[in-house]
């Protein structure tokens, strides 16, 4: 009888562990959305340094990677996990989850905690984001974004560049050179949050209802856009 009780307890423990593991992708998704919202809000709270209002007003999509993981001396071979949302006829879309890795990460040598923000400025860049996988700088135009809340962005830069990239490390905010990095769909999290057959395109075009867990990230985007309109 004692052995049976021990076996029963073991089964309960394993069952609870299995449930915990099954919930991990959703918990990870929730934490990622909260962190991304916090990063964007913190950047917008900076009084003078930040993403220019003009850049935000023309943004088709916004993507945030809360933490880039350092690999060796620079970021080659490593990356991070992010979330993105695009403009639709009815507001900002539900978030799509992606991972980014490889490539050349610019000048953030020695930084332990780097936040990445990508602003997709035109439809071509938005279409790339909606694909399951694409490489920055390979047929896609990516550049370090201009910095300064009231800065007048170069018209040619904002109109011809698909993606403007920014980083914040140790309180310093700057445009980030990001070439050769690969962005691809985070299939495990997407499947866990939206279901097996949900595509990135359907999420980012507004065909999928925004889950409540996404509120911190979507609210941060709305607030950023409001600030850009008011002070622009």
Residues in region 212-232 that are surrounded by 16 or more Cβ atoms within 10 Å (Cβ to Cβ) and modelled with pLDDT of 95 or more: how many?
-> 7
Identity of the residue in region 44-70, in a loop (DSSP other than H, G, I, E, B) and at pLDDT below 85, that ends up surrounded by the fewest Cβ atoms within 10 Å (Cβ to Cβ) | 47
Residue within region 99-118 that is at pLDDT below 85 and under 17 Å from residue 40 (Cα atoms) present | yes
Over region 125-169, the set of residues assigned to a helix (DSSP H, G or I), modelled with pLDDT of 85 or more and surrounded by 18 or more Cβ atoms within 10 Å (Cβ to Cβ) is 125, 126, 128, 129, 130
Inside region 193-203, can you point out the residues that are touching a helix residue (DSSP H, G or I) at 6+ places or on another chain (Cβ under 8 Å), in a helix (DSSP H, G or I) and either at pLDDT below 95 or surrounded by fewer than 19 Cβ atoms within 10 Å (Cβ to Cβ) (or both)?
-> 201
Filter result for the condition that a residue is closer than 25 Å to residue 44 by Cα, without any contact (Cβ under 8 Å) to a residue 60 or more places away in the chain and part of a helix (DSSP H, G or I), over 226, 222 | 226
Criterion violated by residue 16 - all others in (1) modelled with pLDDT under 80; (2) assigned to a loop (DSSP other than H, G, I, E, B); (3) at negative phi satisfied = (2)
Scanning region 71-94 for residues that are under 21 Å from residue 145 (Cβ atoms) and at pLDDT 95 or above gives 82, 83, 84, 85, 86, 87, 92
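The values are calculated or read from the model by the stated rules, or taken from the named source; none is laboratory data. Note that the structure is a prediction, hence the values are computed from the model and not measured. Glycine gets a Cβ as well: all are built from the backbone with ideal geometry, and neighbour counts include every protein chain shown.
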